[in-house]
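**Student:** Shown below is the structure under consideration.
The values are calculated or read from the model by the stated rules, or taken from the named source; none is laboratory data. All values derive from a computational prediction rather than experimental measurement. Glycine gets a Cβ as well: all are built from the backbone with ideal geometry, and neighbour counts include every protein chain shown. Protein only, heavy atoms only, side chains kept; ligands, DNA and RNA dropped before computing areas. Shrake-Rupley method; radii C 1.70, N 1.55, O 1.52, S 1.80 Å.
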Amino acid sequence: MNAEKLSDRLEAVANYIPEGASLADIGSDHAYLPCNVVKKGTVTMAIAGEVAEGPFQSAIEQVREENLTEKISVRKGDGLEVIQPGEVDCITIAGMGGTLISTILEQGKSKLEGVSRLVLQPNVGSFAVRKWLVDSGWELVKEEILEEDGKIYEILVAEKGEPMKPYQHIDFDIGILFGPFLLKEKSKVFIEKWNGEKRNWERILKQLDEAVQNDDTESKRQELKMKLKMAEEALQ
């Protein structure tokens with residue numbers, strides 16, 4: 001992967017960045033994504049944010065190599081610290097856990113002024129991102145699920161709007177866990193993912209059934225039984 005040829009996962013993220021946007025890519029690593037969309041002319045300018053020194057230096061080097069220093073600003077900072085309110089209208093956060101993405105957005109809420117689109121790619125825990133979007137007034141407008149190198153990724157696209165709109169005709173808890181758009185499409189990758197999760201939950205439940213019973217194990221058993229029931233419903 002490089003700035004010319006993104007991974008399938010990052011290519012899918014790039015596809016949801018609006019034409020003519022000003023972009024902040026948080027946790028940009030080598031800044032491949034901002035370099036790619038700036039070179040294509042998709043975005044007018046970009047900010048590549050990194051909290052760790054190594055990836056920050058890699059991003060600086062990559063932007064210099066691509067001769068894009070006038071259009072891409074590489075900044076070191078934690079989450080949305082690297083942007084000012086009103087500076088960008090699209091934010092991408094890819095390759096982190098859903099809980100971390102939610103924390104970054106929550107801690108940087110004041111920086112979301114003027115942002116019209118969020119493109120988020122959690123590696124795990126997409127439900128945490130969906131929950132944050134609902135609680136924070138963002139409407140999920142599109143979802144995508146894809147497999148690359150044996151791993152399954154979900155991409156969530158959100159805009160300011162009606163947070164409950166995607167969940168109007170489905171059970172809210174099921175929608176949050178499985179994704180309202182993904183649930184509707186039920187692609188091959190979606191079915192593969194949740195069959196795998198279901199097998200894992202069944203294995204853990206079997207272990208709990210054989211363990212010493214107490215309030216904690218009973219609580220976990222009930223939670224797993226509920227998830228399995230939802231999975232069965234979602235996979236029908």
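**Student:** For GLU113, indicate whether it is touching a Pro at 6+ places or on another chain (Cβ under 8 Å), crowded, with 22+ Cβ neighbours inside 10 Å and in contact (Cβ under 8 Å) with a residue 12 or more places away in the chain. It would help to see each step written out before you state the result.
**Tutor:** Working: touching a Pro at 6+ places or on another chain (Cβ under 8 Å): yes; crowded, with 22+ Cβ neighbours inside 10 Å: no; in contact (Cβ under 8 Å) with a residue 12 or more places away in the chain: yes.
Criteria not met by GLU113.
**Student:** Here's a follow-up. State whether one or more residues within the stretch 81-94 are in contact (Cβ under 8 Å) with a residue 24 or more places away in the chain, buried (at least 17 other Cβ atoms within 10 Å of the Cβ), among the small types (Gly, Ala, Ser) and in contact with a Lys or Arg (Cβ under 8 Å, 6 or more places away or on another chain).
**Tutor:** yes
**Student:** Same structure, new question: Here are some residues: ASP209, ASP171, ASP149, ASP215. Which one is open to solvent by 60 Å² or more (accessible area, probe 1.4 Å) and closer than 30 Å to VAL43 by Cα? Working first, answer last.
**Tutor:** Values: ASP209 fails: closer than 30 Å to VAL43 by Cα; ASP171 fails: closer than 30 Å to VAL43 by Cα; ASP215 fails: closer than 30 Å to VAL43 by Cα.
Checking each option against the conditions leaves just ASP149.
**Student:** Are any residues in the stretch 67-80 part of a loop (DSSP other than H, G, I, E, B) and open to solvent by 40 Å² or more (accessible area, probe 1.4 Å), and if so, which ones? Quick ask: steps written out before the conclusion?
**Tutor:** Initial filter on the stretch 67-80 (part of a loop (DSSP other than H, G, I, E, B)): 67-71, 77-78.
The answer is ASN67, THR69, GLU70, LYS71, ASP78.
**Student:** Go through the stretch 158-167 residue by residue and tally those that are surrounded by fewer than 20 Cβ atoms within 10 Å (Cβ to Cβ) and assigned to a strand (DSSP E or B). Don't jump to the end; show me each part of the working.
**Tutor:** Our first condition is that a residue be surrounded by fewer than 20 Cβ atoms within 10 Å (Cβ to Cβ); within the stretch 158-167, this holds for 159-165, 167.
Subset that is assigned to a strand (DSSP E or B): 159-160.
Residues in the stretch 158-167 being surrounded by fewer than 20 Cβ atoms within 10 Å (Cβ to Cβ) and assigned to a strand (DSSP E or B): 2 in total.
**Student:** I need the full set of residues from the stretch 186-236 which are outside any helix (DSSP H, G or I), of a type outside the set (A, V, I, L, M, F, W, C) and closer than 17 Å to GLU154 by Cβ, in order please. Walk me through how you get there before you give the answer.
**Tutor:** First, pick out the residues of the stretch 186-236 that are outside any helix (DSSP H, G or I): 186-187, 211-214, 235-236.
Then drop every residue that is not of a type outside the set (A, V, I, L, M, F, W, C), which leaves 186-187, 213-214, 236.
Scanning the stretch 186-236 gives LYS186, SER187.
Matching residues to (1) more than 14 Å from the chain's Cα centre (by Cα); (2) among the β-branched types (Val, Ile, Thr):
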{"position": "LEU140", "(1), (2)": "no, no"}
{"position": "GLU144", "(1), (2)": "no, no"}
{"position": "ILE174", "(1), (2)": "yes, yes"}
{"position": "ASP215", "(1), (2)": "yes, no"}
{"position": "LEU228", "(1), (2)": "yes, no"}
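**Student:** Could you tell me which residue of the stretch 22-48 is least open to solvent (accessible area, probe 1.4 Å), considering only residues that are among the charged types (D, E, K, R) and more than 17 Å from the chain's Cα centre (by Cα)? Lay out the reasoning, then the answer.
**Tutor:** Taking the stretch 22-48 and keeping what is among the charged types (D, E, K, R), we get 25, 29, 39-40.
Those still in the list that are more than 17 Å from the chain's Cα centre (by Cα) too: 39-40.
Details: LYS39: 92, LYS40: 120 Å².
Checking each candidate, the answer is LYS39.
**Student:** Also, I was wondering about something else. Identify the residue in the stretch 52-66 that is within 26 Å of LEU100 (Cβ to Cβ) and surrounded by fewer than 17 Cβ atoms within 10 Å (Cβ to Cβ) and, among all such residues, is farthest from the chain's Cα centre (by Cα). I'd like the intermediate steps shown before the answer.
**Tutor:** Initial filter on the stretch 52-66 (within 26 Å of LEU100 (Cβ to Cβ)): 52-63.
The next check asks that each one be surrounded by fewer than 17 Cβ atoms within 10 Å (Cβ to Cβ); those that pass are 52-54, 57, 61.
Working: ALA52: 20, GLU53: 23, GLY54: 23, GLN57: 24, GLU61: 26 Å.
So, considering only residues that are within 26 Å of LEU100 (Cβ to Cβ) and surrounded by fewer than 17 Cβ atoms within 10 Å (Cβ to Cβ), the one farthest from the chain's Cα centre (by Cα) is GLU61.
**Student:** Among the residues of the stretch 37-51, is there at least one that is of a type outside the set (A, V, I, L, M, F, W, C) and either in a loop (DSSP other than H, G, I, E, B) or in contact (Cβ under 8 Å) with a residue 60 or more places away in the chain (or both)? Reasoning before the result, please.
**Tutor:** First pass over the stretch 37-51, keeping only residues of a type outside the set (A, V, I, L, M, F, W, C): 39-42, 44, 49-50.
When the remaining residues are screened for being either in a loop (DSSP other than H, G, I, E, B) or in contact (Cβ under 8 Å) with a residue 60 or more places away in the chain (or both), the result is 41-42.
Yes, the stretch 37-51 has at least one match.
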